[in-house]
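Below is one structure, written out as structure tokens, with a few remarks after it.
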Amino acid sequence: MKILGIETSADDTGIALIEANGELGQDFRFKVLETALSSQPIHAEYGGIFPAMAKKEHAKNLPILLEQVLKKNQTGIDAIAVTVGPGLEPCLWTGITKAQELSKKWNVPVVPVNHVEGHIFVSLMRYENHDSRFMNREIRMHAFEFPILALLISGGHTELILMKEFGSYEYIGRTRDDAVGEAFDKVARLLGLAYPGGPEISRLAETARQQKLKADFVLPRPMMKEDNYDFSFSGLKTAVERRVATHPLQSLDREKIAREFEDAVADVLTYKTLRAVEEYGVHTLVIGGGVSANMRIRKKFAFWAKESGLALLLPPPEFSTDNGLMIALSGYFHALKKEFADPTKLSANGNLRLNS
Ligand code: KG4
Ligand code: ZN
């Protein structure tokens, strides 16, 4: 089955065309025929996403990216997968409208996709090479057993989800305030760094580690020892804000703060997630979403996974952030089950949840 994925839920416009075969499991295989992605630098100076502006950018980028992807592959597309939520509704609508238009033009069905499920599915695949060599190569799934625990960490999400089987999910924890990526972005802003803040903070933190620079203060690890699986990151941001307000930034202070902040986030995420792994008795942990591109967080989880014999599934960093492939993959499994929608009745849902 040839399936086109369209993602426009936040500030990345992503399109992917895949050829996929087989049922979920070791039988499944796919090839990435084309991918195209456009991230919007336009939000950099504001420190966050402006929905109206993002919508305009998606509308401008979509036809350009589609042309790139469809250049060699106009024919034989069996289905269109499109993100319908969660995300920014004005942005979601640009993708949905495009899917409706193409569905009519090509006379092919549309599969509505949950963005969060897309992040989980793209992380279940075994990319042998973490670079563009995966193009046109046959890719299969990791061997894994349900239930799977998924940690979704991005600009809009911080969620622990138990996936009992395909289509059956239970939310076991979430952030009570800011998403973890949002905290990275806000702290970056406090330090005068560009948006998106995650990669910038990470770069400074790494400099601090290499130069053995350590902050002479400790940031809080919010809710780490609490007996639940929820998170809170706004207090951590406020702690940085207070620190910056009361101590003028000296040379290399930003590096030290970045390091301490990144360590605080990594501590909380690993501690709580691994406790959930134990309580729910899972053997597979999937981490997805933009923040999972973070090397410190990856390393910390990798260390603990090795210690405890846990299978840790992480996508290559380029598929950690939003992209079209994740939507095509999730869409494929729904298309297999003929879970198509009437294109005229598609609707964006900013707060869409996974089914339980
Ligand atoms: O998944 P994503 O592309 O979009 C959403 O669904 O939100 O995630 C974007 C978020 C941003 O907040 C960005 O700062 C963060 O992911 N991010 C990172 C890194 N790369 C991206 N955070 C920490 N470290 C990184 N290396
Ligand atoms: Zn995302």
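Couple of notes before you dig in:
- The condition of being more than 15 Å from ligand 1 (Cβ to nearest atom), more than 22 Å from the chain's Cα centre (by Cα), without any contact (Cβ under 8 Å) to a residue 12 or more places away in the chain and under 24 Å from LEU102 (Cβ atoms) holds for only one of GLN74, GLN68, that being GLN74.
- Criterion (touching a Leu at 6+ places or on another chain (Cβ under 9 Å), among the charged types (D, E, K, R), away from ligand 2 (no atom under 16 Å from the Cβ) and under 28 Å from ALA188 (Cβ atoms)) met by exactly one of LYS55, LYS72: LYS55
- The one condition in (1) more than 10 Å from ligand 1 (Cβ to nearest atom); (2) farther than 29 Å from THR284 by Cα that ILE161 fails to fulfil: (2)
- Candidate set from the stretch 1-44 (those that are in contact with a His (Cβ under 9 Å, 6 or more places away or on another chain) and modelled with pLDDT of 95 or more); member that is surrounded by the most Cβ atoms within 10 Å (Cβ to Cβ): THR8
- Pairs with Cβ under 6 Å, 6+ apart, first in the stretch 117-144 and at pLDDT below 90, second outside any loop (DSSP other than H, G, I, E, B) and buried (at least 19 other Cβ atoms within 10 Å of the Cβ): TYR127/PHE134; MET135/VAL32
- Any hit, the stretch 303-326, residues being in contact with a Gly (Cβ under 9 Å, 6 or more places away or on another chain), of a type in the set (Asp, Glu) and closer than 30 Å to GLU19 by Cβ: yes
- Considering residues of the stretch 297-338 that are outside any loop (DSSP other than H, G, I, E, B) and near ligand 1 (Cβ under 8 Å from one of its atoms) only, the residue nearest to PRO86 (Cα to Cα): SER320
- Residue list for the stretch 165-208, restricted to those being more than 15 Å from ligand 1 (Cβ to nearest atom) and under 11 Å from GLU262 (Cα atoms): none
The values are calculated or read from the model by the stated rules, or taken from the named source; none is laboratory data. Being a predicted model, the structure only gives us computed values, none of them experimental. Cβ sites come from the backbone with ideal geometry, for glycine too, and all protein chains shown count toward neighbours.
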